[in-house]
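Here the structure is laid out as structure tokens; the discussion comes afterwards.
The values are calculated or read from the model by the stated rules, or taken from the named source; none is laboratory data. Everything numeric here is computed off the predicted structure, so don't read it as measured data. Here the Cβ positions follow ideal geometry from the backbone for every residue, glycine too, while neighbour counts run over all protein chains shown. Areas reflect the complete protein model, heavy atoms only, side chains present, ligands, DNA and RNA absent. Shrake-Rupley method; radii C 1.70, N 1.55, O 1.52, S 1.80 Å.
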Amino acid sequence: GLKKNIDAISPQVDKILIVDNNSINIDSIKKISDSIEIIELKENKGIAYALRTIANFAEKGQYEWFLTLDQDTVVFEDIIYNYSKYFNKDHAGILTCNYLNRGDNKLITSDWNKNDASYSIAKFCITSASLINTNCYKETPGFDSKMFIDLVDYDLNFSMSKKGYYTYWINFLGFSHEVGNSNVHSFFGKKVSTLNHKPFRRYYLARNAIYLLKKHGMTKETIRLFLGNQKILMKIILFEDNKKESLKEFFRGEKDGLLWHVQKNQY
């Protein structure tokens, strides 16, 4: 859990900051280590707001790079060392790497790396274990707190790209992470993986996929995210538990996304 996460990253960085979204176990979190700084939010303001708080902390502290971690992510001992080789890469805005999804024990690598190169330029990546260049981040609108949760990471990737900065996917195994609650099913002889997100997550995924289309325009990447979310619909119907509530939240999210008036960011 969180302690494993902190123990793994602690020797590799100058500072650890926890932004707590009003956890009920905040007292036990405080006991993990005296050297950790904690910013306590008095209500759950969402992942995006917490990430924005971390970024602001990095700016004020004049940290050149900041690493974002989900609470259950565990990095390997050489992740920062491996990232450091790419600090001076041209227009490096975000660094990410291969990871192990603990849910189905699957190695996740870059879709954009076609020739087993040491790195590739990716269009988007997950937030967890992403190393973000603070000065590049400052030139973007930053993490969008209106999104609350889900696709917040991809939104920043698109914002960085619009400013001419790249997301470099480095070809090494850097951390383990759990995406949803993965299960593998057999469908006409093919393996189909489902994430079994809680129904409220289905709402934000559906809503925010449409939000990104409106915010960043119809690009290959925003359309890919939107269509990927539509494919989930069939998986919910065929394989997932709690179908009724999940479908209800999915369609509510799509409705709110379509009704949401979005003013495109000015870059």
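Computed values, structure above
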| quantity | calculated |
| --- | --- |
| Residue in segment 123-137 that is surrounded by fewer than 21 Cβ atoms within 10 Å (Cβ to Cβ) and either in contact with a Cys (Cβ under 7 Å, 6 or more places away or on another chain) or free of Cβ contacts under 8 Å to residues at least 60 places away in the same chain (or both) present | yes |
| Residue satisfying all of: in segment 154-191; modelled with pLDDT under 95 and of a type in the set (V, I, T); surrounded by the most Cβ atoms within 10 Å (Cβ to Cβ) among these | V179 |
| Filter pass, M147 being surrounded by 18 or more Cβ atoms within 10 Å (Cβ to Cβ), of a type in the set (A, V, I, L, M, F, W, C), within 14 Å of the chain's Cα centre (by Cα) and modelled with pLDDT of 95 or more | yes |
| Identity of the residue in segment 121-147, in a loop (DSSP other than H, G, I, E, B) and β-branched (V, I, T), that ends up farthest from T73 (Cα to Cα) | T140 |
| All strands (runs of 3 or more DSSP E) inside segment 1-120 with 2 or more residues being among the hydroxyl-bearing types (S, T, Y), modelled with pLDDT of 95 or more and open to solvent by less than 30 Å² (accessible area, probe 1.4 Å) | 92-101 |
| Count - residues of segment 236-257 that are open to solvent by 70 Å² or more (accessible area, probe 1.4 Å) and modelled with pLDDT under 90 | 5 |
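Residue by residue, here is whether (1) out of contact with any Ser or Thr (no Cβ under 9 Å at 6 or more places or on another chain); (2) among the aliphatic types (A, V, I, L, M); (3) assigned to a helix (DSSP H, G or I) holds:
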site	(1), (2), (3)
G228	yes, no, yes
I236	no, yes, yes
E245	yes, no, yes
E254	yes, no, yes
L258	yes, yes, yes
